[in-house]
Amino acid sequence: MYKKQTNRQLTIYDFDQPLGLTMNPENRWVKKADSIPWSVIEDKYAALFNSDRGNIAKPVRMALGALIIQSEFQYADIEVVNQIRENPYLQYFVGLPSYKDEKPFDASSMVHFRKRLSSEILIEINELILKPIEDGADDSQTDDNDNDDDNDASGSENEGTLILDATCAPSEIKFPQDTELLNECREKLEGIIDVICEANHLPKPRTYRKLARRDYLNIARKKKKSGKQIRKAIGKQLNYIRRDLGYIDAFLEQGYTLGTKQVNLLGTLRKLYEQQFYMYTSRTHKVQDRIVSISQPFIRPIVRGKAKNPVEFGAKLDMSITNGYARLEKISFDAYNESECLIVAVERYKERMGVYPERVLADKIYRNRTNLSYCKELGIRLSGPSLGRPKKDQKVDKKQEYTDNCDRVEVERGFSLAKRKFGLRLIRTRLEETSLCVIALSILTMNLSKVSLRIFLTFIQWMSSPRIEPLMKP
């Protein structure tokens, strides 16, 4: 169950400071806390708890604040709790009423926080944070346009720039090799057989596990492996796995049962065997929804075509940049064509801003016939050359092309910042929902750091502005 907080929006002046400690209201964590609409988020968060029974869940400010701190510094779960315990500014940020030298929650609660705050909820929170900033920018632009007499029809014209691109957030898994995957599959099947036999006092069947282990090590220890040697090793491991699956199926037919985790694991192992057997008999290296990790079967290979990493293993995401702030347009562990996201991103821009963008800066893959005709119909200029063979008398505006290329670098800068500082470079969580949560949280934290920096720069600009001197000087 969830209990709403009586003090809905804690301020720095409500925080009970220990004797002798003076907290700075211009601290970055104070600014970040002030830029988040905690009351609105709490109303949406409380709707997730349908039952009025059970233990009271931690407040949403504590859950979201702890996740933001972890994304900011890339701490482990235990280190997040220790940092909050030692830092009064972090205690204020997570909504504690006063400083206390004790753990606010157990480190294991971080897993529950990531499960409850899904990627969809974090994307919505990101919109709540950016909405007042963009509304303020629109109001200032409207005030400037009201002073011009020639801008009567400016409300119907396209305004602004939408930058769109895709990237991959790699997960922390070992580079998949068929022989290693099959060897791990065989060992886990042998473990399931042992559990069934020990629980029901049955004699263990002959699995040839020592011989299978030796066959695997013979190919794994070789520095240089030929194609025939790898294929022969795969064939042997497939035979061992087929025998183990036959034993397990016989046990299940006799009425012996497995636990929920073992049933899910058995389904993954069976699918892995079917995929590897299909590729072995068909002499191919491609199969739909290929499993590259037994512990994380939802991860798929993403072909990016980069020189350093041509194939990455993780989630693929489309990110848009508007007025310097990032948004997740689509995120999936399955490989998809990113050109499908352009129309959806433009329509979302129209819902936020009230008008369509003047230009869309995107990669070459977004310039298909469907997107080009869509942008042409709405008067949107999609950057890049036209499709087909260039015409003889075609004139290219090199200045405009150079400007578009320079402006499109902003989305690459956003990817670089999110991967270097906010954890998008390597996703270490093990569950599908928690991995998506970490990816969405990295974008939210990156925007939040820009929002707090903007508030701080506005304060500095106000402090450095010239003051009105009094008429009578002493």
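We did not get these values from a lab; they are worked out from the coordinates using the rules stated. In this text, all values refer to a predicted model and were calculated from it rather than measured experimentally. Cβ: placed from backbone, ideal geometry, glycine included. Neighbour counts: every protein chain shown.
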At R0 = 25 Å, how high is the FRET efficiency between Ala107 and Met1 if r is their beta carbon distance? Nearest 0.05 is fine.
0.65
So, in Å, what gap is there between the alpha-carbon centers of the stretch 166-222 and the stretch 332-383?
46
What is the sum of charges, Lys and Arg at +1 and Asp and Glu at -1, for the other residues whose Cβ falls under 14 Å from the Cβ of Ser119?
-1
For the stretch 40-113 and the stretch 260-307, what is the separation of their C-alpha centers, rounded to whole Å?
37
Förster radius 60 Å - calculated FRET efficiency between Ser98 and Thr281, Cβ distance, rounded to 0.05:
0.35
Quick check on the chain: helices-only [θ] at 222 nm, where DSSP H runs of length 4 and up contribute -39,500 (n - 2.57) each and the sum goes over total residues. Nearest 500, please.
-17500 deg cm²/dmol
Two-decimal Rg/Rh across the stretch 349-438, once Rg and the Kirkwood Rh are taken from alpha-carbon atoms:
1.10
16 Å tail of the calculated P(r), the stretch 332-375, as % of Cα pairs
38
Compute the normalised compactness of the stretch 178-282: alpha-carbon radius of gyration over 2.2 N^0.38 Å, N being the residue count.
1.12
Per the Cauchy relation, a quarter of the hull surface: what is the mean projected area of the convex hull of the alpha carbons in the stretch 28-117, in nm²?
5.9
Hypothetical label at Ile173: residues of the stretch 280-306 whose amide nitrogen lies under 16 Å (7 Å Cα-Cβ projection):
286-304
For the chain, just the Cα atoms, rotate onto the principal axes and tell me the three extents in Å, largest first.
102, 78, 43
Other residues with Cβ under 13 Å from the Cβ of Ser435 give, with Lys and Arg +1 and Asp and Glu -1, a net charge of +3
